[in-house]
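Step one of this worksheet: look at the structure below.
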Amino acid sequence: MIRERHLFGPGPSNPYPEATRALADPLLGHLDPEFLRIMDETCEMLREAWGTSNARTLPLSATGSAGMEAAFVNTVHPGDVVVVAVNGLFGQRMTDVAARCGAEVVAVEHEWGQPVDVDRVLAAHPSPAIIAAVHAETSTGVRSDIAALGAGKGDALLLTDAVTSIGGIELRADDWGVDIGYAGTQKCLGVAPGLAPFTINDRAFERRVETPRSWYLDLGMLGGYVGEAGLKEGGKAQRTYHHTAPTAMVASLHAGLTRILGEGLEAVWARHQAAGDALQSGLEEMGLELFAAEGHRLPDLTTVRVPEGVDSAAVRRELLDRHGIEIGAGAGAYATSVWRIGLMGHNARPDAVLLVLAALEDALGR
């Protein structure tokens with residue numbers, strides 16, 4: 001028997017009921033006109049979620065990690081200088097992916113738990129082809145100033161990871177100068193993992209690699225899934241067959257985005273902020289120490305130091321077994337000394353805050 005679990009870790013939040021129901025609807029073929037309508041509408045809603053008018057905004061048929069790979073394989077030419085701001089695990093992954101694409105990687109290292117130092121990143125190389133940074137670092141719970149990077153990028157392309165920010169905190173790709181961005185569905189969008197919301201502007205697309213190392217992630221072959229508001233030829237969207245799209249997942253994302261935009265993006269951002277503020281205040285009132293730098297803490301993903309002498313894994317297991325609540329362990333060197341508590345999507349609400357605080361207090365015997 002599968003029991004209901006409240007997921008408060010960095011992984012999937014409880015999907016909105018609409019998104020869950022959409023997965024159970026009768027399947028459509030990937031060339032069915034009804035599916036193409038759903039895809040068009042999904043792409044248009046993703047433009048709103050990203051804060052962009054980019055024609056090439058679409059859900060890639062893979063998870064957020066493939067979104068990262070698509071961003072690099074399509075834009076990094078061998079020998080290109082790529083400056084990467086590294087302030088957590090996912091910045092580290094960016095350096096790995098960029099290097100595999102043949103880039104000359106300039107990694108600007110930061111202490112984990114700290115935001116990106118914009119001045120150091122912009123000064124790291126006089127003429128990089130790409131500057132890459134994580135907006136909301138999932139491994140540390142830190143928000144960095146992407147707008148400042150965009151303002152100072154010069155001729156470089158700005159590549160941004162928005163996996164933990166899209167649908168949860170303010171995100172304005174066009175206003176901030178983001179040229180390439182990728183995200184995931186399983187965080188604040190409240191949809192099951194499996195798609196990578198992706199956007200690339202004309203400036204970046206014109207500089208793309210003509211024959212990327214990946215056939216599947218070649219953006220030049222995805223013209224058929226950019227929507228009626230996207231690339232057009234003779235007044236109609238171009239429809240080129242590339243792969244079998246995951247129709248149920250796209251329908252689920254469509255339902256989730258409909259729910260979010262119906263509530264209103266700014267209202268959703270405010271709801272996440274209120275929940276995060278309440279959780280963080282409650283944790284500090286319990287005598288726990290927050291990990292991320294003050295003033296740069298994500299509301300949707302809170303990192304807290306495991307108290308000295310406490311077995312991190314044992315507490316997490318008790319929360320799961322006794323209370324049906326899952327919180328995440330830390331990452332990298334902080335795997336056993338930090339907890340990551342996500343209040344994302346449906347879980348960004350007052351009753352969820354009270355539940356996780358009470359359960360954690362019980363598990364710690366406080």
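Listed residues Gly224, Gly220; which is surrounded by fewer than 16 Cβ atoms within 10 Å (Cβ to Cβ), part of a helix (DSSP H, G or I) and at pLDDT below 95? Walk me through it before giving the result.
Numbers: Gly224 fails: surrounded by fewer than 16 Cβ atoms within 10 Å (Cβ to Cβ).
Unique residue meeting the criteria: Gly220.
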Where a residue in segment 120-131 is under 19 Å from His77 (Cα atoms) and its partner, wherever it lies, is part of a loop (DSSP other than H, G, I, E, B) and polar (S, T, N, Q), with Cβ under 7 Å and at least six apart: Ile130/Thr75
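One residue is enough: does segment 279-287 have a residue meeting the conditions within 24 Å of the chain's Cα centre (by Cα) and part of a helix (DSSP H, G or I)?
First, the residues of segment 279-287 that are within 24 Å of the chain's Cα centre (by Cα): 279-280.
Filter once more, keeping what is part of a helix (DSSP H, G or I): 279-280.
Yes, segment 279-287 contains at least one residue that is within 24 Å of the chain's Cα centre (by Cα) and part of a helix (DSSP H, G or I).
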Selection status of Val118, closer than 30 Å to Trp215 by Cβ, crowded, with 18+ Cβ neighbours inside 10 Å and β-branched (Val, Ile, Thr): no
Strands (runs of 3 or more DSSP E) (entirely within segment 95-181) containing at least 3 residues that are of a type in the set (A, V, I, L, M, F, W, C), more than 24 Å from Phe291 (Cα to Cα) and at pLDDT 95 or above: 157-161
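If we scan segment 155-163, do we find a residue that is over 30 Å from Ala245 (Cβ atoms) and not assigned by TED's automatic domain parsing to the domain that holds Gly276?
yes
Yes/no per residue for (1) in contact (Cβ under 8 Å) with a residue 40 or more places away in the chain; (2) under 25 Å from Gln114 (Cα atoms); (3) assigned by TED's automatic domain parsing to the domain that holds Gln92; (4) in contact with a helix residue (DSSP H, G or I) (Cβ under 9 Å, 6 or more places away or on another chain):
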residue	(1), (2), (3), (4)
Thr303	yes, yes, no, yes
Glu308	no, yes, no, no
Ile325	yes, no, no, yes
Gly330	yes, yes, no, yes
Trp339	no, yes, no, yes
Leu343	yes, yes, no, yes
Asp351	no, no, no, no
Close pairs (7 angstrom Cβ cut-off, 6 or more residues apart or separate chains): on the phi > 0 side of the Ramachandran plot in segment 170-184, in a loop (DSSP other than H, G, I, E, B) anywhere: Gly177/Lys153
Residues of segment 334-349 satisfying the condition of being assigned to a helix (DSSP H, G or I) and at pLDDT 95 or above: Tyr334
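Considering only residues that are of a type in the set (Ser, Thr, Tyr) and over 13 Å from the mean Cα position of the chain (by Cα), look in segment 118-174 and name the one that is farthest from Val108 (Cα to Cα).
Looking at the filtered set, the residue picked out is Thr140.
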Among (1) surrounded by fewer than 18 Cβ atoms within 10 Å (Cβ to Cβ); (2) closer than 25 Å to Leu189 by Cα; (3) of a type in the set (S, T, N, Q); (4) not assigned by TED's automatic domain parsing to the domain that holds Gln186, the one test that Thr258 misses: (4)
Boolean, Arg297 is within 21 Å of Gly276 (Cα to Cα), surrounded by 15 or more Cβ atoms within 10 Å (Cβ to Cβ), within 17 Å of the chain's Cα centre (by Cα) and not assigned by TED's automatic domain parsing to the domain that holds Glu170: yes
Matching residues, segment 104-115, being of a type in the set (Val, Ile, Thr) and surrounded by fewer than 19 Cβ atoms within 10 Å (Cβ to Cβ): Val106
Residues within segment 66-87 that are assigned to a loop (DSSP other than H, G, I, E, B) and either on the phi < 0 side of the Ramachandran plot or of a type in the set (A, V, I, L, M) (or both), tallied: 7
Residue in segment 84-103 that is surrounded by the fewest Cβ atoms within 10 Å (Cβ to Cβ), counting only those that are over 17 Å from Thr164 (Cβ atoms) and in contact with a Pro (Cβ under 9 Å, 6 or more places away or on another chain): Gly102
Count of segment 313-331 residues which are closer than 16 Å to Val356 by Cβ and assigned to a helix (DSSP H, G or I): 9
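The values are calculated or read from the model by the stated rules, or taken from the named source; none is laboratory data. All figures in this text were calculated on a predicted structure; none of them were measured in a lab. Note that each Cβ is placed from the backbone with ideal geometry, even for glycine, and that neighbours are counted across all protein chains shown.
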